[in-house]
Every structure is written in structure tokens, then in C-alpha cells.
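The structure under discussion appears below in the form of C-alpha cells.
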Amino acid sequence: MGPLPPHQVVDAGGSPREACGVFGVYAPGAAVAQLTYLGLYALQHRGQESAGMAVSDGETITVVKDMGLVTNVFNERTLAPLTGHLSVGHTRYSTTGSSTWRNAQPVYRDTGAAEFALGHNGNLVNTEALAAEAGMLPGTVASDSDLVAELLAHEIAAAGERSDGRELEHALLRLLPQLEGAFSFVLIDEAHLIGVRDPNGFRPLCLGKLDTGWVLASETPALDIAGAHFVRELDPGEMVVIDAGGVRSVRPFPVERTDPRLCVFEFVYFARPDSRLYGQSVHRARQRMGELLAEQAPVEADMVMPVPESGVPAAQGYARASGIPYGDGLVKNRYIGRTFIAPGQEMRARAVRLKLNPIRENIEGKRLVVVDDSIVRGTTQKQVVGMLRESGAVEVHLRIMSPPYRWPCYYGMDTGDRAELLAANLTVEEIRDYLGVDSLAYISTDRLVEATGAVGAGFCNACLTGDYPVPVPVSLRKDVLESNDIPPSGVDTLLHEPAPRT
Ligand code: 5GP
Ligand code: SF4
Ligand code: MG
């Protein structure tokens with residue numbers, strides 16, 4: 001069977017991409033569903049589209065999942081049937097088009113020989129090739145995560161009659177080396193909790209210890225809330241198998257594939273500020289981004305203000321390093337989620353105005369330094385600058401905690417194609433002019449890495465440089481739709497006329 005057109009398995013345009021939260025518990029005698037509920041609550045920021053969990057009592061697995069927030073999906077009634085001693089949970093973030101129940105996780109399979117459930121954070125880049133190789137008919141799998149579950153089920157079935165109770169582990173050892181892209185997986189079968197981190201470690205995954213067992217989580221605050229203490233981050237390319245015998249570490253991937261490339265945007269934006277990544281405090285890293293920005297791009301002004309909430313620590317850092325007073329120019333409506341997820345440009349623009357509201361008293365007559373995490377399509381900044389001007393700001397100097405975002409992400413962040421990325425199409429001066437600010441500076445890539453406190457640990461920065469650590473098939477690459485020449489890393493090319501913006 002030939003390769004499938006990409007949209008038949010995973011739509012390259014509005015594709016199901018998972019930048020999600022995963023959580024797992026193995027703890028005999030503990031209320032694992034309740035612990036998973038708490039863990040998912042702590043990981044809600046990683047995905048607000050759907051939530052779910054699967055619990056095993058050693059004999060059988062029960063799954064509850066639905067669209068919506070953790071608090072919409074789970075309550076006493078839906079948690080009640082989830083009895084057992086091991087579980088896996090998931091919060092999902094994605095674009096529209098794929099906001100369907102079918103894509104909610106954990107995904108579940110019962111092969112007869114084994115039952116298992118899987119939660120996935122990240123995005124595979126060889127989904128089509130894997131599906132084609134397996135001879136799957138178009139449309140038979142809903143997403144890359146669903147494909148992995150299907151291929152694992154095939155492996156278990158193909159292994160036949162062996163029954164040491166470790167069918168899922170054996171199937172993973174055979175399948176994992178074939179997967180390419182970003183994947184932090186948490187899985188359970190009837191009796192084991194398993195965690196896997198891809199050889200680049202694009203997405204985080206950590207291990208914690210409870211009095212009576214173990215926890216796996218995307219981020220450290222989810223361990224804290226479940227009452228587990230942090231043991232360590234999983235290594236890129238590591239699989240851990242947890243059962244009554246404790247934790248076993250396995251290396252399923254060829255050693256030459258190990259190349260640590262944690263997503264640098266976990267530090268900039270995605271992770272919670274109280275998370276620790278590469279052993280570093282994310283909040284402290286964000287403050288340092290602001291301090292280094294103040295050093296790199298100083299300006300005379302009356303007040304430094306953040307775009308809440310992601311700009312807050314960096315604005316504090318900028319204020320401290322520059323000596324310019326820190327103040328609040330915008331308040332955030334607590335009852336609205338991440339606007340990035342809103343469908344369509346017009347709705348996104350409205351959502352920004354609903355989410356952020358100016359405090360005129362703090363803005364009028366002032367020269368402002370405004371600090372934010374990133375500019376992707378420019379929606380947030382266009383609206384923010386408009387609100388600040390309407391409220392009487394005399395100067396607006398924009399400072400961004402990440403370098404220009406020029407290349408699409410294929411590893412689990414849905415940031416649209418190159419036509420939508422402001423910095424793919426405009427120079428920094430053109431962006432300054434388009435946004436209508438008096439000055440604009442982005443932190444340099446070196447300073448960003450320095451700010452993380454983990455220089456040399458290894459980062460993905462493909463969206464900033466075009467240097468993709470795992471090659472992305474041309475059929476998926478949104479940046480080559482118009483041209484077959486992939487410009488070398490970091491080249492500032494004008495590929496398109498900017499899309500009309502409101
Ligand atoms: P823009 O408004 O420029 O289109 O998008 C940037 C804004 O979206 C930032 O303020 C950031 O806080 C938010 N955002 C939400 N999700 C993401 C994501 O996955 N990546 C990045 N870089 N920013 C995101
Ligand atoms: Fe993170 Fe950018 Fe790499 Fe995607 S391309 S994983 S957003 S650093
Ligand atoms: Mg923001």
C-alpha cells in the first residue's frame with residue numbers, strides 16, 4: 001500500500017496535535033482516582049479541551065473521559081466507578097476540527113491478551129508512514145496517539161500466546177524504536193504503570209514517590225499536589241516500568257538517537273511557573289529572561305508592566321534590572337482560558353479583549369515597557385497595544401521573552417503555518433511598525449538559553465531557528481507548501497505577503 005495523503009491520517013493543517021498533560025499513579029491501598037484527579041487539576045494549563053483517566057484494579061481497566069475541563073468531566077459520580085490501584089490520566093490541548101470525543105485520552109484497547117490505556121503528550125512526525133506500513137485504511141485512526149495504541153494492540157496480538165503478564169512492555173520494546181517525533185507517554189495495563197520519554201525528551205516527564213507507591217507526571221507541581229516527592233526527571237530515551245517490584249528502567253531506543261532537546265517554550269510559556277525543568281525553577285528562569293532583556297534592550301520609561309500572566313515574572317526581572325518601577329497596566333479576567341486556543345482570527349482578537357482589560361489610571365500619560373512571552377500571530381500584541389493607546393499611553397516599548405517565532409512547530413504546539421507566523425513574514429522593524437509600538441526587542445537565543453540556567457542541557461528551538469532536531473517529512477511541512485527550498489537555519493526570508501489582519 002502506498003503512502004496515504006496526510007489528511008487521511010492526521011490533517012497537516014488543522015491536525016490533532018497534543019501538547020498535553022499526562023499523569024499516572026501506582027499505589028496499592030491509595031485512592032488513585034482521587035490522586036489522578038488532583039494531578040490532572042494541576043496539569044489543567046497543559047490542555048483544556050478534554051480530560052480523562054483510566055484505572056485498573058489488577059483485573060480490568062475502567063475509562064472515563066469527556067470534552068471539557070477536569071472539573072467538568074470529573075465529579076463524585078464519575079469518579080465512583082474508578083476503583084483500583086493504578087491509573088493514567090490526561091488533559092488535552094489541540095486545535096478546533098479535532099475537538100472531538102474520539103480524540104479525548106487516555107486511548108484504550110482490549111486485545112484479549114491484554115488491556116491497556118495510553119496518554120500522550122507530544123506529536124509524532126512519522127504517523128503517515130507508520131500507518132501505511134501497517135497497511136491501515138485511511139481514517140481508521142483518529143490521531144497519532146490512537147495510531148500508537150493500534151500498533152501496540154497489533155504487536156500484542158502478533159506475539160501470540162505468551163502470557164507472562166508483560167505483553168504491553170514487550171510490545172513497547174518492539175514498537176518504540178519505530179516512532180519519530182515528540183512523545184511523553186504514560187500507560188497502564190492491568191498491573192503495570194509505564195512511562196516513556198522520546199530520545200529527544202521534547203516534552204517533560206518526571207517520577208515521584210508516594211509512601212505506598214509511585215507517580216509519573218508532566219510537571220513537578222502535579223507531584224506536589226498528589227503528595228509525592230520528586231525523585232527525578234525521566235531521561236530522554238528512557239522507559240520506566242512500575243509494579244509491585246518497584247521501578248525498572250529500560251532503554252528501548254538505539255543509544256545514538258539520544259539527543260536531549262527539551263522544548264525551550266516549556267521554559268518560556270508552557271510549563272507552570274512553579275515547575276522545575278532540568279533541575280531549574282521555571283519562575284526564576286522567566287525572571288532572568290526579563291533581567292537579560294533589560295540588559296540587551298534598555299529604554300527610558302516610567303513603568304514596566306507585564307501582559308498577564310505569562311509576562312509577569314519577566315516584567316519583574318526587567319523592572320529590577322532596569323530600576324524602572326513595576327506596575328499593572330492590564331488585569332486578566334480569571335474566567336477565561338488561553339486565548340490561543342480560540343478558533344479563527346476574529347474570535348481570537350475578541351477573546352484577547354475579553355481576557356485582558358486596561359487599568360487607565362496606571363497607563364495614562366506614561367511611557368510603558370510592556371513585557372510578554374512570545375509573538376506568534378501577533379493577535380495579543382495588536383489588541384494590547386490598541387488598548388494601551390486608547391487608555392492614554394504616550395510611549396509603548398515592547399519586550400519579548402523569546403526570539404522571533406519564524407517556523408512552525410511539529411512537536412506538539414499548534415502554532416499554525418508560516419503564512420500565519422508574523423516573524424516568518426516580516427522583519428523586526430516591520431513588526432514594530434505593524435504593531436504600532438515605539439520600540440520592539442526580542443531576547444536573543446543565547447540569552448534565552450542562559451536564562452534557563454541549563455546551558456548545555458540541550459534544547460529544541462526549531463520554531464526560532466528552523467533547525468528541526470527530528471526531520472519532518474515534506475508532506476507534513478507547512479513551511480514548504482509554497483517553496484521546496486528549505487532556507488537554512490535562522491535565515492530571515494520573506495516567503496509570503498502578510499495575511500490581512502484586523
Ligand atoms: P499571538 O497572540 O501572537 O498570536 O500568540 C502569542 C500569545 O499566545 C502569547 O501571549 C502566549 O502567551 C500565547 N500562547 C498560547 N499558546 C501558545 C503556544 O503554544 N505557543 C506560544 N508561543 N504562545 C502561546
Ligand atoms: Fe518547542 Fe519550538 Fe521545538 Fe516546538 S519547535 S518543540 S515550540 S522549541
Ligand atoms: Mg500571553
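Under a model in which nothing but the beta-carbon of Lys, Arg (+1) and Asp, Glu (-1) is charged, the chain shows a dipole of about 1120 debye around its Cα centre. Each Lys and Arg contributes +1 and each Asp and Glu -1, all at the Cβ; summed about the Cα centre of the range 408-467, the dipole is approximately 160 debye. Scaled against 2.2 N^0.38 Å for its residue count N, the alpha carbon radius of gyration of the chain is 0.97. Solvent-accessible surface of protein heavy atoms, probed at 1.4 angstrom with all chains present, puts Val437, Val474 in the order Val474, Val437, largest first. Helix 282-296 axis versus longest C-alpha principal axis of the chain: approximately 30°, rounded to the nearest ten.
Spacing of the modelled spin labels on Arg232 and Glu429, each 7 Å from Cα toward Cβ, amounts to 5.2 nm. Taking the DSSP beta bridges with both ends in the range 284-453, the antiparallel portion is around 15 percent.
Of Ala349, Pro204, His397, which is farthest towards the positive pole of the chain's charge dipole, taken about the Cα centre with +1 and -1 on the beta-carbons of Lys, Arg and Asp, Glu respectively? Farthest along the dipole direction, towards plus: His397. What do you get for GluC sites (Glu not before Pro) in the range 149-206 restricted to DSSP loop and a cutoff of at most 15 other Cβ within 10 Å of the site's Cβ? For GluC sites (Glu not before Pro) across the range 149-206 that sit outside H, G, I, E and B with at most 15 neighbouring Cβ atoms in 10 Å, the list reads Glu161. A Förster distance of 22 Å, applied to the separation of the beta-carbon atoms of Trp101 and Thr60, puts the FRET efficiency at 0.50. Measure nothing but the geometry: give the 0 to 90° angle between the long axis through the Cα atoms of 345-355 and the longest principal axis through the Cα atoms of the chain, rounded to 10°. In the chain, helix 345-355 runs at an angle near 80 degrees to the longest axis.
Between the range 373-443 and the range 51-83, the alpha-carbon centres lie 40 Å apart.
A dipole drawn for the chain from +1 and -1 charges on Cβ atoms has a positive end, and of Gln280, Ser322, Ser50 the residue lying farthest that way is Ser322. Kirkwood-based Rg over Rh for the range 284-453 (C-alpha set), two decimals? Result: Rg/Rh = 0.94. Accessible area per residue for the range 284-453 is 37 Å², calculated with a 1.4 Å probe on protein heavy atoms, without ligands, DNA or RNA. Taking the longest Cα principal axis of the chain as reference, the axis of helix 32-42 is set at about 20 degrees. Counting protein heavy atoms only, the range 157-230 has 52 percent of its accessible area on carbon and sulfur, 1.4 angstrom probe. Treating each Cα of the range 11-260 as an identical point scatterer and summing with the Debye formula, the log10 of I(q)/I(0) at q = 0.08, 0.09, 0.11, 0.16 Å⁻¹ comes to -0.26, -0.33, -0.50, -1.14. Measuring between their Cα centroids, the range 288-323 and the range 154-231 lie 40 Å from each other. For the range 237-247, putting each phi into the Karplus relation 6.51 cos²θ - 1.76 cosθ + 1.60 with θ = phi - 60° gives couplings of x, 9, 10, 10, 10, 10, 7, 4, x, x, 10 Hz, in residue order, rounded to whole numbers and with x for Gly and Pro.
Within straight-line reach of Lys478, meaning a Cα separation under 26 Å, sit the following lysines at least 8 residues removed in sequence or on another chain: Lys382. Within the assembled protein chains, the solvent-accessible surface assigned to Asp438 is about 70 Å², based on a 1.4 Å probe.
The values are calculated or read from the model by the stated rules, or taken from the named source; none is laboratory data. Since this is a predicted model, take the numbers as computed values, not measurements. Backbone-built Cβ (ideal geometry, glycine too); neighbour counts: all protein chains shown. What goes into the accessible areas is simple: the full protein's heavy atoms, side chains included, and nothing from ligands, DNA or RNA. Shrake-Rupley method; radii C 1.70, N 1.55, O 1.52, S 1.80 Å.
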